1. Work out, step by step, the length gained on full extension between residue 324 and residue 295: first 0.36 nm times the residue separation, then minus their alpha carbon distance; give nm to one decimal.
2. At 0.36 nm per residue, and after removing the present C-alpha to C-alpha distance, how many nm does the segment from residue 60 to residue 26 gain when stretched out fully?
3. Ranking request for peptides 6-15, 159-168: highest mean number of other beta-carbon atoms within 10 Å first, then the rest in descending order.
4. Quick one: of the DSSP bridges fully inside the chain, what percent are antiparallel, nearest 5?
5. For the stretch 163-233, take the alpha-carbon Rg, divide it by the Kirkwood Rh, and send me Rg/Rh.
6. What is the packing order of peptides 85-95, 324-334, taking the mean over residues of other C-beta atoms within 10 Å and listing the highest first?
7. Using alpha-carbon positions, what is the distance between the centroids of the stretch 177-254 and the stretch 47-84, in Å?
8. Just how many % of Cα pairs in the chain lie over 33 Å apart, if you round to the nearest whole percent?
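Taken together, the values in this text are just the output of simple stated rules run on the coordinates, not laboratory data. This one's a predicted model, so the numbers in the text were calculated from it and none came from an experiment. With ideal geometry, Cβ positions are generated from the backbone for all residues, glycine too; neighbour counts draw on all protein chains shown.
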């Protein structure tokens, strides 16, 4: 039922019926309220003995599994008020196309890059994994290359098309992002996906791989392009930050930041900010002038760049989303208001 209704998430917790996230809102399914025994039975039925042992020792568990002919799920199991609870993210078995996602054509051009760092950012549930999966699938269909992904857990499953695609999952195929990135050079990759740039070692390894001629994709939980640059730099000690600014300035190809908004009439749509690694942007990174990036993005629309506020304003003007919803998501509410009026 949750899949038929195109829910993005399913929640199992004591004291409620199964809940789903539909168009961004949490709504109940028409089932009875679950007890502790219900949630424990439903969740434990999906776990292996190894999963159960790990969960009972840590009270936290992340994994992914597939139901043939239905969907793939990213499952987080946790404890709350001494009872077992679970959150399942629905991952479609078919990777959507650029056209189906309705994302700007310039993002498709990123798939043609041969080297550099491309960051896809946004809050949890903003569609980062789907956007990257679509880019990877486009590369897979149009280029002959070796793609290696390092994920926690593996979400979208890629088949070998024109590319050879090897997907490594944390804990089952490798024990850390850092170790797998250190080993990846011996695996002859052309394109590398790092599921999440979590710490200094992982970010440093991704930058080094991009500098040595590989195309590297990574994700961060940042709201927009300038804050993404600041996040990457601020991870490092102050005495290393100038060096990292130079390295990031040399390697960055693009930052794509996105949010998912409820669409009027049902469904959701993506508001997307795009900052390309032009010579001017790279200079701002090296000089530590992230506060000037927004005006640079605004004046570079002819290159395919766009701010989050301009994307939100376009969704409002096109009748996709309400003014109130877009205003709530705006980076600069005054700028959004002007753009929403066509200014």
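1. Contour length minus the Cα-Cα distance gives 8.0 nm.
2. Between residue 60 and residue 26, full extension yields 10.0 nm more.
3. 6-15, 159-168
4. Of those bridges, close to 60 percent are antiparallel.
5. My calculation of the ratio gives 0.96.
6. Packing order, densest peptide first, comes out as 85-95, 324-334.
7. A separation of 30 Å, based on Cα centres.
8. So the pairs more than 33 Å apart make up 32 percent of the total in the chain.
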